[in-house]
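Below: one structure, written as structure tokens.
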Amino acid sequence: MWGGRFAEGPSAVMREINASIPFDQRLWQQDIAGSKAHVAMLGAQGIIDAADAAAIGEGLDTVAADYAANGVPIDLALEDIHMVTEARLAEAIGPVAGRLHTARSRNDQVATDFRLWVRDAIDAVDAGLGALQHALIARAEQHAADVMPGFTHLQSAQPVTLGHHLMAYHEMVARDRGRFADARRRLNLCPLGSAALAGTGFAIDRDATAAALGFDGPTRNSLDAVSDRDFAVEYLTAAAQAALHLSRLAEEFVIWASQPFGFVSLSDQWSTGSSIMPQKRNPDAAELVRGHSGRIIGCLMALMMTMKGLPLAYSKDMQDDKPPVFEAHDLLALSIAAMTGMIESATFRTDRMRALAESGYATATDLADWLVREGGVPFREAHHITGAVVKRAEEQNLPLDQLPIEDLRAIDARIDARVYDVLSVDASVASRTSFGGTAPVRVREAVAAARQARAQEA
């Protein structure tokens, strides 16, 4: 390729370090699509002969069919997917293939291909996250009234419902989908036509190529267009945040599946055994989802470090932009699918959840609130009184709702028998009717609203 300027070919090491075809072969569909849009525009503008444009378009279809059937050939001498495709095109249709690169550089070509790939990746991730939301909604509806302990500091805090807990993750996933959608909207401008860095003197129609490729329009500055990788960083940022959410849910499953908790039993599909301990049932899928989050965050850091000091416009460092995006996408897609499968097939031990919710004085706040509502006691004083009640219950090894009224009144005479109406875990969750609260009626409303939102997406 460089024979006109260089007398000698590259060394073997240079050829290997310079080549990106081992990984950028994944861009072949986007490269074919971009090339077809470009050559159609060249023909329409009269920049190349219409017959040549048609032959190139047909040739690109032939190359695409070959890739689909046999894969992309790895030729380090041709460096990347763009030159491999151009070489295969020349084999198919002859020298006319050389006209394809008129008014185009590999700089704007790869920037366009990579945007197309990331856009497709976002669409795939969004579909996966939508399926995860569906699974969360279904299980939340099923367990809208099942009581479990709510935790702070991993200490029993207040009773909540399992449905409410699962819908909390639905909210996280909704934000993740919003971040990906926002990134997609911002990346959807077409760099094609920016050429190497300064634009081109040919009378091209950038609006036509942008429209043909489904972009909202062309990029506005050729220097920025070929050097911008914000879209890839934003994709990785959204992926890292989604991975953090998946990791939190996976961690809960790891904890819940342990014998001391016993909140969930994962199906055989999502568990493994031990090579030495036959009784073991390990939540390896959840642990791997948790582990993948670290690798995805590492991918984000890698690309940010690659881009942090690059002057305009294109530098060869930017060839390293694709591996972290490809790796993160593969890991995220796998994590989403695994987490969805675990949610759909898990057996929740609601009896165990209820037992632990009843054992940790989780309704203490309900007693304090009752003192405020019924006794007119300032909350700070009610907090102090409730602390004394909890201490008395611990001394007698009794739950709050079984502590005799005499013991309660001995601590504060304003307490009467009506307090037992709020001291059960069912009464506690039923009372949390504020918008977004854990009351079963609110959980079912949240589920209905989520279903309606999903229906509007269709």
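The values are calculated or read from the model by the stated rules, or taken from the named source; none is laboratory data. Everything quoted here is computed from the prediction, not taken from an experiment. Here the Cβ is made from the backbone with ideal geometry for all residues, glycine too, and neighbour counts use every protein chain on show. These accessible areas exclude ligands, DNA and RNA; they are computed on the full protein's heavy atoms, side chains included. Shrake-Rupley method; radii C 1.70, N 1.55, O 1.52, S 1.80 Å.
For this structure, a couple of remarks:
- Net charge, P22 excluded, C-beta distance under 11 Å - Lys, Arg +1, Asp, Glu -1: -3
- Rounded to the nearest 5, the antiparallel percentage of DSSP beta bridges internal to the chain is 90%.
- Shown here is the pair-distance distribution of the chain: with all Cα-Cα distances grouped in 10 Å bins from zero up to the longest one, the shares run 4, 16, 21, 18, 14, 11, 8, 5, 3, 1, 0 percent.
- For R99, the accessible surface of its heavy atoms amounts to roughly 120 Å² (probe 1.4 Å, protein chains only, rounded to the nearest 10).
- Amide H to amide H distances under 5 Å link S156 with no residue, where only residues 5 or more positions off or on other chains count and H is placed in the peptide plane.
- Taking 16 Å as the straight-line reach from the Cα of K316, the aspartates and glutamates in range (excluding those fewer than 8 positions away in the same chain) are E16, D24, E79, D80, D108, D224, D228.
- Of all accessible heavy-atom area on the range 153-250, the percent that carbon and sulfur account for (1.4 Å): 52
- Ranking by accessible area, most exposed first, for H101, H153, H245, H134 with a 1.4 Å probe: H153, H134, H101, H245
- Computed over protein heavy atoms with a 1.4 Å probe, the carbon and sulfur contribution to the accessible area of the range 300-458 reaches 54%.
- For S265, neighbours were defined as the other residues whose beta-carbon sits under 9 Å from its Cβ, and their charges (Lys and Arg +1, Asp and Glu -1) total +2.
- For the chain, the solvent-accessible area works out to 47 Å² per residue, with a probe of 1.4 Å and every protein chain left in place.
- The range 232-317: Cα Rg divided by the 2.2 N^0.38 Å rule of thumb: 1.55
- The eigenvalues of the Cα gyration tensor, multiplied by 5 and square-rooted, give the range 1-121 an equivalent ellipsoid with semi-axes of 23, 18, 14 Å from largest to smallest.
- Relative to the dominant Cα principal axis of the chain, helix 364-375 is inclined by about 60°.
- Three semi-axes of the equivalent ellipsoid, the range 120-232, Cα gyration tensor, whole Å, largest first: 47, 15, 7
- Per-residue SASA remark: W270, around 70 Å² accessible (1.4 Å probe; ligands, DNA and RNA not included).
- Here the spin labels are modelled as points 7 Å beyond Cα on the Cα-Cβ line, and at A44 and V441 they lie 5.9 nm apart.
- Three-way shape label, the range 298-370, alpha-carbon gyration tensor, a/c 1.5: oblate
- When only Cα pairs below 8 angstrom with a gap of at least 6 residues are kept, the chain shows a relative contact order of 16 percent.
- Note that the range 22-78, at 4 °C in a medium of 1.567 mPa s, gets a Stokes-Einstein diffusion coefficient of 106 µm²/s from its Kirkwood radius over C-alpha pairs.
- Neighbour net charge for A427 - beta-carbon separation under 13 angstrom, K R +1, D E -1: -4
- Using a probe of 1.4 Å on the protein chains alone, the accessible area found for R175 is around 120 Å².
- Per residue Cα convex hull volume in Å³ - calculated over the range 377-458: 114
- Distance in nm between pseudo-label sites at H384 and A77 (7 Å out along the Cβ direction from Cα): 8.9
- Dimensions (Å) - the range 251-386, Cα atoms, principal axes, largest first: 73, 48, 25
- Relative intensity, log₁₀ I(q)/I(0), of the range 80-143 from a Debye sum that treats every alpha carbon as a point, q = 0.13, 0.18, 0.24 Å⁻¹: -0.57, -0.76, -0.98
- Scaled to the globular estimate 2.2 N^0.38 Å, the Cα spread of the range 318-458, given as radius of gyration, is 1.60.
- Counting only protein heavy atoms and a probe of 1.4 Å, the accessible surface of the range 1-147 is 53% carbon and sulfur.
- Shape class of the range 185-236 from the alpha-carbon gyration tensor: oblate, with a/c at 1.5 or above and b/c at least as large as a/b.
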